[in-house]
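Student: I'd like to ask some things about the structure below.
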Amino acid sequence: MLSRAARAGITVPNVLGLEKSSIRMDFIEGKTVKDSLNDLPEKERVWVSKSIGEMASFLHKSGMVHGDLTTSNMILKDEKLYLIDFGLGKFSQKVEDQAVDLFLLYEALKAAHYKYLNETWQNILKIYKQNYSNAPQILKRFEKISLRRRYK
């Protein structure tokens with residue numbers, strides 16, 4: 001998954017080696033988006049949100065879902081945004097799977113970044129739609145998923 005994500009244009013940790021039951025990879029020394037987004041100046045916050053939209057579109061366009069697409073699994077380092085922890089990821093081009101990925105991202109933003117939810121989400125969607133031809137289908141399913149919720 002990491003190799004395919006990197007080929008899709010997503011910044012991920014480099015894999016240094018494989019062993020029987022483990023993967024050795026770069027340690028990304030930075031701050032999670034969860035811990036930093038709310039404190040960023042507006043210009044940087046906009047850049048991060050657009051980068052998230054690009055990352056999500058590249059991921060889905062390449063037939064992958066992250067499975068835990070949250071700001072806890074994104075690290076800012078040296079003006080780059082890294083996506084980490086593909087432990088729940090899978091290869092899928094299903095509209096449902098990709099919409100669930102986005103829904104989880106939205107819920108994470110709502111929980112941890114409520115003050116900037118609208119601004120951040122709109123920037124993410126703008127770039128996601130620009131980069132991914134299936135975005136209308138995915139977002140239509142996203143709306144259906146949001147209606148399934150038990151509590152609003």
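The values are calculated or read from the model by the stated rules, or taken from the named source; none is laboratory data. All figures in this text were calculated on a predicted structure; none of them were measured in a lab. All Cβ positions, even for glycine, are placed from backbone atoms using ideal geometry, and neighbour counts span all protein chains on display.
Student: Name the single residue, out of those in segment 77-110 being of a type outside the set (Lys, Arg) and part of a strand (DSSP E or B), that is nearest to Arg148 (Cα to Cα).
Tutor: Selected residue: Phe91.
Student: Hey, can you tell me all the residues within segment 38-51 that are surrounded by 15 or more Cβ atoms within 10 Å (Cβ to Cβ) and either in contact with a strand residue (DSSP E or B) (Cβ under 6 Å, 6 or more places away or on another chain) or assigned to a loop (DSSP other than H, G, I, E, B) (or both)?
Tutor: Passing the criteria: Leu40, Ser51.
Student: Here's a follow-up. Does Ile124 count as in contact (Cβ under 8 Å) with a residue 12 or more places away in the chain, over 28 Å from Asp39 (Cα atoms) and among the aliphatic types (A, V, I, L, M)?
Tutor: So Ile124 fails the test.
Student: Inspect all residues belonging to segment 111-120 and state whether any of them is outside any helix (DSSP H, G or I) and either in contact with a Phe, Trp or Tyr (Cβ under 8 Å, 6 or more places away or on another chain) or surrounded by fewer than 20 Cβ atoms within 10 Å (Cβ to Cβ) (or both).
Tutor: Checking segment 111-120: at least one residue is outside any helix (DSSP H, G or I) and either in contact with a Phe, Trp or Tyr (Cβ under 8 Å, 6 or more places away or on another chain) or surrounded by fewer than 20 Cβ atoms within 10 Å (Cβ to Cβ) (or both).
Okay, residues lined up against (1) out of contact with any Pro (no Cβ under 7 Å at 6 or more places or on another chain); (2) within 27 Å of Gln137 (Cα to Cα); (3) in contact (Cβ under 8 Å) with a residue 60 or more places away in the chain:
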{"site": "Ser3", "(1), (2), (3)": "yes, yes, no"}
{"site": "Ala6", "(1), (2), (3)": "yes, yes, no"}
{"site": "Ile10", "(1), (2), (3)": "yes, yes, yes"}
{"site": "Asn14", "(1), (2), (3)": "yes, no, no"}
{"site": "Met25", "(1), (2), (3)": "no, no, no"}
{"site": "Gly30", "(1), (2), (3)": "yes, no, no"}
{"site": "Ser36", "(1), (2), (3)": "yes, no, no"}
{"site": "Trp47", "(1), (2), (3)": "yes, yes, no"}
{"site": "Ala56", "(1), (2), (3)": "yes, yes, yes"}
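Table: residues versus (1) within 16 Å of Leu2 (Cβ to Cβ); (2) modelled with pLDDT of 95 or more.
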{"residue": "Asp26", "(1), (2)": "yes, no"}
{"residue": "Asn73", "(1), (2)": "yes, yes"}
{"residue": "Val95", "(1), (2)": "no, yes"}
{"residue": "Val100", "(1), (2)": "no, yes"}
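Student: Tally up the residues in segment 14-37 that are surrounded by 14 or more Cβ atoms within 10 Å (Cβ to Cβ) and farther than 12 Å from Leu76 by Cα, please.
Tutor: 1
Student: For the condition surrounded by fewer than 24 Cβ atoms within 10 Å (Cβ to Cβ), within 9 Å of the chain's Cα centre (by Cα) and among the acidic types (Asp, Glu), what is the one hit in Glu79, Glu54?
Tutor: Among Glu79, Glu54, only Glu54 is surrounded by fewer than 24 Cβ atoms within 10 Å (Cβ to Cβ), within 9 Å of the chain's Cα centre (by Cα) and among the acidic types (Asp, Glu).
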